[in-house]
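For reference, the structure I am asking about is given below.
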Amino acid sequence: MIHDPVVAEIIGASIKIHRVLGPGLLESSYEHCLEYELRKRRLVVQRQVPIPLTYEDVNLDCGYRVDLIVDRNVIVEGKSIDTLKGIHSAQMLTYLRLTGARHGLLLNFNCPTLKGGMKSFVGRGKSVPI
């Protein structure tokens, strides 16, 4: 059961997109469609958001980018690959730790049904700064 209405909207929009487009497209195609669908649902969406990394007192620009941040608190990483692996979960956990976001969704659109390619993660409950 989904208790967060924003997460429920993201999952609903993702399933709609997957039903219409099916598997096999590039990740960027699903990302653009999801951004469009979520904006139609009046959610605040940022795409390709740079994530800074700080080591000791040094701010490093390492090129980390989150696919989507929705309502400043939910990170969405879209994939279009054969199968999700541990490294993809590690990536999401790192993004949650670096941003303090409250929730993360890892979505693999290259599955017969999207339900088989979804993973949900809970963060520390802080907002992601804009």
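Could you check Lys126 against (1) part of a loop (DSSP other than H, G, I, E, B); (2) modelled with pLDDT of 95 or more and say which number it fails?
For Lys126, the exception is condition (2).
Taking the stated definitions as given, is Ser89 in a helix (DSSP H, G or I), under 13 Å from the mean Cα position of the chain (by Cα) and free of Cβ contacts under 8 Å to residues at least 12 places away in the same chain?
Numbers: in a helix (DSSP H, G or I): yes; under 13 Å from the mean Cα position of the chain (by Cα): yes; free of Cβ contacts under 8 Å to residues at least 12 places away in the same chain: no.
For Ser89, the condition - in a helix (DSSP H, G or I), under 13 Å from the mean Cα position of the chain (by Cα) and free of Cβ contacts under 8 Å to residues at least 12 places away in the same chain - is not met.
In the stretch 24-62, what residues are charged (D, E, K, R) and at positive phi?
Here is the first cut: in the stretch 24-62, the residues charged (D, E, K, R) are 27, 31, 35, 37, 39-42, 47, 56-57, 61.
Passing the criteria: Arg42, Glu56.
Mind listing just one residue for me: the one in the stretch 25-54 that is among the hydroxyl-bearing types (Ser, Thr, Tyr) and modelled with pLDDT of 95 or more and, of those, farthest from Leu68 (Cα to Cα)?
Ser29
Among the basic types (Lys, Arg), out of contact with any Pro (no Cβ under 8 Å at 6 or more places or on another chain), over 21 Å from Ala13 (Cα atoms) and in contact (Cβ under 8 Å) with a residue 12 or more places away in the chain - does that describe any residue in the stretch 38-60? Working first, answer last.
Restricting attention to the stretch 38-60, the residues satisfying the condition of being among the basic types (Lys, Arg) are 39-42, 47.
Those still in the list that are out of contact with any Pro (no Cβ under 8 Å at 6 or more places or on another chain) too: 39-42, 47.
This time we only want the ones that are over 21 Å from Ala13 (Cα atoms), so: none.
Scanning the stretch 38-60 turns up no residue that is among the basic types (Lys, Arg), out of contact with any Pro (no Cβ under 8 Å at 6 or more places or on another chain), over 21 Å from Ala13 (Cα atoms) and in contact (Cβ under 8 Å) with a residue 12 or more places away in the chain.
With the condition being surrounded by 13 or more Cβ atoms within 10 Å (Cβ to Cβ), touching a Gly at 6+ places or on another chain (Cβ under 8 Å) and not charged (D, E, K, R), I'd like the strands (runs of 3 or more DSSP E) fully within the stretch 1-72 carrying at least 1 qualifying residues.
On the way: elements: 45-50, 53-55, 58-60, 65-70.
In the stretch 1-72, the matching strands (runs of 3 or more DSSP E) lie at 65-70.
Let's see how each residue does on (1) over 18 Å from Pro112 (Cβ atoms); (2) in contact with a helix residue (DSSP H, G or I) (Cβ under 6 Å, 6 or more places away or on another chain); (3) basic (Lys, Arg):
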residue	(1), (2), (3)
Val6	yes, no, no
Glu9	yes, no, no
Ile17	no, yes, no
Leu21	no, no, no
Ser28	yes, no, no
His32	yes, no, no
Arg39	yes, no, yes
Gln46	yes, no, no
Pro50	yes, no, no
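Could I ask something else about it? Has the stretch 102-110 got at least one residue that is of a type outside the set (Ser, Thr, Tyr), assigned to a helix (DSSP H, G or I) and crowded, with 21+ Cβ neighbours inside 10 Å? Show your work before the answer.
The first filter runs over the stretch 102-110 and keeps only residues of a type outside the set (Ser, Thr, Tyr), leaving 102-110.
Narrowing further to those that are assigned to a helix (DSSP H, G or I): none.
Checking the stretch 102-110: not a single residue is of a type outside the set (Ser, Thr, Tyr), assigned to a helix (DSSP H, G or I) and crowded, with 21+ Cβ neighbours inside 10 Å.
Something else: Going by the structure shown, is Glu77 in a helix (DSSP H, G or I), modelled with pLDDT of 95 or more, in contact with a Leu (Cβ under 9 Å, 6 or more places away or on another chain) and of a type in the set (D, E, K, R)?
Values: in a helix (DSSP H, G or I): no; modelled with pLDDT of 95 or more: yes; in contact with a Leu (Cβ under 9 Å, 6 or more places away or on another chain): yes; of a type in the set (D, E, K, R): yes.
In short, no.
Name the one entry in Gly86, Gly22 that is at pLDDT below 95 and not aliphatic (A, V, I, L, M). Spell out how you get there, then give the answer.
Details: Gly22 fails: at pLDDT below 95.
Of Gly86, Gly22, the one residue that is at pLDDT below 95 and not aliphatic (A, V, I, L, M) is Gly86.
The values are calculated or read from the model by the stated rules, or taken from the named source; none is laboratory data. Note that the coordinates shown come from a computational prediction; the quantities given were computed from them, not determined experimentally. We place every Cβ from the backbone using ideal geometry, glycine too, and count neighbours over all the protein chains shown.
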